[in-house]
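Each reported figure results from applying straightforward, stated rules to the coordinates on display, with no laboratory input. The structure displayed is predicted, hence computed values, not measured ones. Please note: Cβ atoms are built from the backbone with ideal geometry, for glycine as well, and neighbour counts cover all protein chains shown.
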Amino acid sequence: MKKYFAELVGTAVLVLLGCGAAVFAGAGQPFASVGTLGVAFAFGLAVVAMAYTIGKISGCHINPAITLGVWLSGRMSGRDAGMYMLFQVIGALAGSAVLWVLASGSGSTTTLTGANGFADGAMLRALVAEVVFTFVFVLVVLGTTSSGAHGKFAGLAIGLALVLIHIVCIPVTGTSVNPARSIGPAVFEVVGGSVRALSQLWLFIVAPLAGAALAALTWRSLDN
């Protein structure tokens, strides 16, 4: 249970800080907004912080796509993988709930939860982006945490990879590469009266998982 609870806490922190940066970037504030670069670093630094906090307990997946990649690589049991994913989603819901309370009344011009989405007619572009960037992200995770890798720097490499991915992908989908990160905000968008994020949620579940599976297959071929 310690591993599962660690995943819950880590995912909640990722959603609260990463999505929180996105939400408040669109709200009135006394200083200049952090912008796209600031949001990208918020997600990446949240991963770095959690990697060195809960990494020794659970490995700090805080992302069902990473958990799928690790499972397909033979590094964890199916039972643990399922429980990791469940607690990651619960953590994302918890982080989104806190963010909803903080953002309500903020007047944010983005969303109140940092939900992912794509423009009408841009589904193919969004699908390709989420598959490809999740593939890259999970491949980095599998490589930096593999036997013989420089494990002490894995958290930093993974966090910086996420920063890079966000810089490119934010204009396309808002960047998910993490089904739990998309599920929590989408659910709370419904609380706010919008179903758009929920109607598009399938893509932000299917595409990252597909990208993760491709990464696992690729890494197994490279690591043998």
Can you give me the angle between helix 123-144 and the longest principal axis of the chain, using Cα atoms only, in degrees from 0 to 90, rounded to the nearest 10? 40 degrees
Counting sequence-distant residues (5 or more places) and residues on other chains, those with an amide H built under 5 Å from that of Leu112 are none
Sequence ranges 7-13, 62-68, ranked by mean other-Cβ count within 10 angstrom, highest first: 62-68, 7-13
Between segment 103-165 and segment 1-40, the alpha-carbon center distance in angstrom: 13 Å
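Could you size up the charge dipole of the chain around its Cα centre, putting +1 on the beta carbon of Lys and Arg and -1 on that of Asp and Glu, and report it in debye to the nearest 20?
In total the dipole reaches around 420 debye.
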Rank these for me by crowding, Thr36, Thr113, going from fewest to most other beta carbons within 10 Å. Thr36, Thr113
Taking the convex hull of Cα positions in the chain, its mean projected area over all directions (nm²): 11.6 nm²
Length gained, Ala32-Ser146, 0.36 nm per residue minus C-alpha separation, equals 37.0 nm
Helix-derived [θ] at 222 nm for the chain: sum -39500 (n - 2.57) over DSSP H runs of at least 4, divide by residue count, nearest 500? -23500 deg cm²/dmol
Sort the following peptides by mean Cβ neighbour count (other Cβ atoms within 10 Å, averaged over residues), highest first: 134-142, 167-175. 134-142, 167-175
Sorting His150, His166 on the 10 Å Cβ count, fewest up front, what's the list? His150, His166
FRET efficiency for Arg125 and Lys56, Cβ-Cβ distance as r, R0 = 41 Å, nearest 0.05? 0.60
Rounding to the nearest 10 and keeping the result within 0 to 90°, find how far the Cα-based axis of helix 2-14 lies from the longest principal axis of the chain. 40 degrees
Between Ala21, Gly117, Ser146, whose Cα lies farthest towards the positive end of the dipole of the chain when Lys and Arg beta carbons carry +1 and Asp and Glu beta carbons carry -1, centred on the Cα centre? Ser146
Work out the FRET efficiency for Trp202 and Met83 from their Cβ-Cβ distance, taking R0 = 25 Å, and round it to the nearest 0.05. 0.60
Taking other Cβ within 10 Å of each residue's Cβ, how do Tyr52, Tyr4 sort, fewest first? Tyr52, Tyr4
